[in-house]
């Protein structure tokens, strides 16, 4: 998501302050096992001011892989280590999410194009070969992707697709990856009914506008972020809404990425702006 210009940002900031004054801590709830109001914060270097998607390789939390909106680079760094390294996989564009499916890195571009290269190439200045998957998704805007290592499948949510608003749903697509042939095989579609959320005023009438997606590895529940609505939605494995959690704008500037590590800790990345650094927030899991 592109940064707001300074005039628009100022207006949004004033509105956020007014809303924050009216809201109390109890208005900002958290999923079971987490406290979204007290994160461990890791500010990003200038190169990741516009950080969007984040991912781990096989859920190992020792190295964070991330992308930012404009440059075709996959970054890697240790927790609280601002020194980052990167590999250049593409030209300038609008890159929104990253997922590591077993030994393959996938990067999602906003119009639905996917870029894939071997995870082993992430340590190189440039991958030996990057494969592009164009026009495999319905026409629309995309920001959310999840990789299921057990089923070798990719899940992609549409942020803005024709027909979703009219029918009050959020649609998505599933692909199975054949690594040997480097092919993504269409493996189904899914949708989530948003009508109850819209009627309750939990989200805007225009829809959820998902900005990131991940899955609880134990329960199978879906965690869906919306930067526009400033909410975190928890849904059942079959995409039924279970809980809605409002996000405090003083903590979550512009939430664009989400992931779990092997210890069930939850991470959410926030894009920065003229006044705020990009960051990654860590929420330690408590049984």
message = Tell me yes or no: at least one residue of segment 198-220 is surrounded by 18 or more Cβ atoms within 10 Å (Cβ to Cβ), in contact with a helix residue (DSSP H, G or I) (Cβ under 8 Å, 6 or more places away or on another chain) and in a strand (DSSP E or B).
response = yes
ask   = Restricted to segment 84-103, and to residues that are under 28 Å from residue 217 (Cβ atoms) and surrounded by fewer than 18 Cβ atoms within 10 Å (Cβ to Cβ), which residue is nearest to the chain's Cα centre (by Cα)?
value = 102
remark   = Reported set for segment 74-83 where residues are without any contact (Cβ under 8 Å) to a residue 40 or more places away in the chain and either more than 14 Å from residue 51 (Cα to Cα) or within 20 Å of the chain's Cα centre (by Cα) (or both) is 75, 77, 78, 80, 81, 83
inquiry  = Going residue by residue through segment 69-86, is there one that turns out to be farther than 30 Å from residue 133 by Cβ and part of a strand (DSSP E or B)?
reply    = no
request  = Return a yes/no flag: does segment 264-284 have any residue that is closer than 23 Å to residue 27 by Cβ, surrounded by 15 or more Cβ atoms within 10 Å (Cβ to Cβ) and in contact with a helix residue (DSSP H, G or I) (Cβ under 6 Å, 6 or more places away or on another chain).
outcome  = no
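Residues checked against (1) modelled with pLDDT of 95 or more; (2) farther than 16 Å from residue 54 by Cβ:
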position: 233; (1), (2): yes, yes
position: 236; (1), (2): yes, yes
position: 256; (1), (2): yes, no
position: 261; (1), (2): yes, no
position: 267; (1), (2): yes, no
position: 270; (1), (2): yes, no
position: 274; (1), (2): no, yes
task = For segment 57-68, enumerate the residues that are assigned to a loop (DSSP other than H, G, I, E, B) and touching a strand residue (DSSP E or B) at 6+ places or on another chain (Cβ under 6 Å).
result = 57, 63
request  = Check residue 239 against each of (1) on the phi < 0 side of the Ramachandran plot; (2) touching a strand residue (DSSP E or B) at 6+ places or on another chain (Cβ under 8 Å); (3) surrounded by fewer than 18 Cβ atoms within 10 Å (Cβ to Cβ) and name the one condition it does not meet.
outcome  = (1)
message = If I filter segment 245-264 down to residues being in a strand (DSSP E or B) and closer than 23 Å to residue 75 by Cβ, which single residue comes out as farthest from the chain's Cα centre (by Cα)?
response = 260
query = When you look at residue 16, is it surrounded by 15 or more Cβ atoms within 10 Å (Cβ to Cβ), over 19 Å from the mean Cα position of the chain (by Cα) and modelled with pLDDT under 95, yes or no?
reply = yes
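The values are calculated or read from the model by the stated rules, or taken from the named source; none is laboratory data. Source: prediction; values computed, not measured. Don't worry about glycine lacking a Cβ; one is built from the backbone with ideal geometry, like all the others, and counts go over all protein chains shown.
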